[in-house]
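Read through the structure below, which is laid out as structure tokens, and then see the notes.
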Ligand SMILES: [Zn+2]
């Protein structure tokens, strides 16, 4: 059978595949630090050569920042695009690493073999799972089962400044039937997962001014309005007793979960006791009629991220301040419109201002949530393929954070993103001693082979 031969080839070639990954991990492609710009070029060159060694037409494409790597392999059937990033996070504090972060090694641990080194999980190891699956397929059958475009970025860890312009300028070339993105993890490190919901983000900074200068509370206290009093009242009013956000119209565009997703999530047996216990908490603080997993993945939030004003230094000063400030952010879901919510939030604050107070706002980003419809049969095919590889029912999951690339594929290329990844919770990405489980690497490669087989 076609697939069996590819899977056997993957198993047999694992030592060589590991060697190739170690080579890539030795390149110090830290994107945020200009001192490592040459290393980013080296990593891009390495990937171009590696893709070419499989017979893929690949080239380095310069941008104002670090280069992209784009490769094409013609073929019949659907056109798939694969995205990963070759840049990594800085390594400091270096003294907290047990080894040189760029001298990666295979280590035996209590939980099995791991590949230790910066970028092993985020994202070089994950990126190579797909490349190795293609290599095995090609060497077994001489050709891949469909047309594939490879798209590797070198600025993901530093805000992706060149990504949107590059996608816009090369939209025709990158447009495809499905964009596979490998930069996420497995639910609770054991359930293979396809991320279909990413929350959006809206940030607002408020400054409330009452008197036009700082005053002495002995002289003015009682008669002068204190802006901290106004600010705290407004902030306290943003949630009701049930944990719902009170900004008018806030829940417009928030949808109920489809039944199939709801039952999958119930089956995940998420233990919020452990999740909260790990950070010294016990009670979920969101909407009281929602499960904790809904609160994180499919419900919108409002959080005060910072609040300051008056005197906060050592000792004491009986100041009655002129200004009070806060930073407030909203995680958004479904079709919530960040601009409408911004306006509604600002109106709520203005309506709460007593006489003699003024407010100034400054916005900090506004991105809509992205939800991937799983109606395309490719999703169910990939889910079954993952289930078969891991012997655990794969799930469509949400992600509380934001992964902007997914939205860009949708908005700029009109291409549906499918996020599949094999990272685990203890991979320590962005931290010292980053690792990728050998199991993730090996089964990750096999998973892509199964997904390619299922999609073609
Ligand atoms: Zn990443």
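The values are calculated or read from the model by the stated rules, or taken from the named source; none is laboratory data. Because the structure is a prediction, the values reported are computed rather than measured. Cβ coordinates were reconstructed from backbone atoms using ideal geometry, including for glycine residues, and neighbour counts include every protein chain displayed.
Residue-wise test of (1) in a helix (DSSP H, G or I); (2) more than 21 Å from the chain's Cα centre (by Cα); (3) surrounded by fewer than 17 Cβ atoms within 10 Å (Cβ to Cβ).
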{"position": "264", "(1), (2), (3)": "yes, yes, no"}
{"position": "287", "(1), (2), (3)": "no, yes, no"}
{"position": "303", "(1), (2), (3)": "no, no, yes"}
{"position": "311", "(1), (2), (3)": "no, yes, yes"}
{"position": "314", "(1), (2), (3)": "no, yes, yes"}
{"position": "317", "(1), (2), (3)": "no, yes, yes"}
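Please enumerate the residues belonging to the range 379-388 that are surrounded by 20 or more Cβ atoms within 10 Å (Cβ to Cβ) and either in contact with a helix residue (DSSP H, G or I) (Cβ under 7 Å, 6 or more places away or on another chain) or assigned to a strand (DSSP E or B) (or both).
The first filter runs over the range 379-388 and keeps only residues surrounded by 20 or more Cβ atoms within 10 Å (Cβ to Cβ), leaving 382-383, 385-386.
382, 385, 386, listed by residue number.
Being in contact with a helix residue (DSSP H, G or I) (Cβ under 9 Å, 6 or more places away or on another chain), outside any loop (DSSP other than H, G, I, E, B) and at pLDDT below 95 holds for only one residue in 444, 407, 363, and it is 363. On the stretch given as the range 1-31, residues that are modelled with pLDDT of 95 or more and either part of a loop (DSSP other than H, G, I, E, B) or on the phi > 0 side of the Ramachandran plot (or both) total 5. For residue 272, the requirement of being farther than 30 Å from residue 311 by Cβ and touching a helix residue (DSSP H, G or I) at 6+ places or on another chain (Cβ under 6 Å) is met.
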